Amino acid sequence: MTATSPARSTTPARSTSGGTHPAARTADQVAADATAVVGSADLSNRALRTFLHGLPGVDQVGLDGRAAVLGTRSIKTTSKAWALDTIITMTDLTTLEGADTPGRVRSLVAKALTPEPGDPSCPRPAAVCVYGDMVTVAKQALGSAPINVAAVATAFPAGRAGRTARLADTTDAVEAGAEEIDMVIDRGAFLSGDYRKVYDDIIAVREICQQRAGEPAHLKVILETGELATADNVCRASWLSMLAGADFIKTSTGKVSPAATLPVTVLMLEAVRDFLAATGVQVGVKPAGGIRTSKDAIKYLVAVNEVAGEAWLDPEFFRFGASSLLNDVLLQRQKLATGAYSGPDYVTID
Ligand SMILES: O=C[C@H](O)COP(=O)(O)O
């Protein structure tokens, strides 16, 4: 990623309560510092630390309050139909089980290709998300359909492997044709303050993504927010990932509790909004893990619109990582169209 000329603003960088942190730098200062960090030829861990620890502090109480308010918004029935279809187009339909088989992946792909048999107006998910060794199976099953294959990589979910193994994992997935790579950060390095290691890892994975035949693979960086302990850490990990060139920042692997939450997603939406203002680069957000109902997913859409803005209401910039959300969305879609649920046999519950 190359930081373009920062958009100039004289408003102070905002913390999540909607107010400003007493020690907050202005957006101009954050922009200048971010540009200096990205442009530095010899970036030290100390420089990264200074930048990340100088970000406005997060008011956790304010964050929870803001998310709670967003979660109570109601939407009109007409908007609900749009919301349900939008959720489908933003879904990375996922299977990430040790017991995944080629048959299971083919069945996931069949569902992605035809989510609602008999209703050609039903949109398709953005991607299917699988382990790297299942990319070939998924690609073959998808054929030329415009659905991406996202592969988890870098020793997902814990990331506990040396860089050589983590990068080899990524190379395998990219060479098999994955259009999207979902990497995990080294939480141990991050939590021990070795930001430079995390930064270098992301850059190395991104370089492999860039080498994909045809289009570069899009890089989603999983923070595993449930292991980061504080909201300030989530904010720092978001900025660190974006500075290193993430196309998306993703909350969770789905293997750690808590996984995606609305407050954490609001915080990450604020980060991408502020990063765009500072650098001119728009990064996407992917909450993943534990989002199972349309009702919850709609709360996330409201947050996207109100926190980051309409520009993020696009699968290019917002995704849901979910294994079973699609089933509920299809049921709700049916209910909206016919006034009744079609019964539990109507959609596959897998
Ligand atoms: O990235 C997606 C998650 O692994 C899926 O989690 P879920 O099964 O809770 O929807």
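Filtering segment 155-171 to residues that are in a helix (DSSP H, G or I) and either within 16 Å of the ligand (Cβ to nearest atom) or surrounded by 21 or more Cβ atoms within 10 Å (Cβ to Cβ) (or both) leaves R166, D169, T170. Counted as qualifying within segment 247-350 are the helices (runs of 4 or more DSSP H) with 1 or more residues that are within 13 Å of the ligand (Cβ to nearest atom) and surrounded by 23 or more Cβ atoms within 10 Å (Cβ to Cβ), namely 294-303, 325-338. Looking at segment 74-98 only, could you name the residues that are farther than 14 Å from Q332 by Cα and within 16 Å of the ligand (Cβ to nearest atom)? Scanning segment 74-98 gives M90, T91, D92, L93, T94, T95, L96, E97, G98. Are any residues in segment 214-233 in a loop (DSSP other than H, G, I, E, B) and either buried (at least 21 other Cβ atoms within 10 Å of the Cβ) or not polar (S, T, N, Q) (or both), and if so, which ones? Residues satisfying the conditions are G214, E215, P216, A217, L223, E224, L228, A229. The residue that is surrounded by the most Cβ atoms within 10 Å (Cβ to Cβ), counting only those in segment 128-154 that are away from the ligand (no atom under 15 Å from the Cβ) and part of a loop (DSSP other than H, G, I, E, B), is I147.
In segment 71-84, the residues that are buried (at least 17 other Cβ atoms within 10 Å of the Cβ) form Cβ pairs under 6 Å with partners that are of a type in the set (K, R), at six or more places apart or across chains, as follows: G71/K299; L84/R333. Every condition in (1) at pLDDT 95 or above; (2) away from the ligand (no atom under 16 Å from the Cβ); (3) part of a loop (DSSP other than H, G, I, E, B) is met by S9 except one, and the failing one is (1).
The values are calculated or read from the model by the stated rules, or taken from the named source; none is laboratory data. Predicted, not measured: the structure shown is a model, and the values here were computed from it. Every residue, glycine among them, receives a Cβ derived from its backbone with ideal geometry; neighbour counts consider all protein chains shown.
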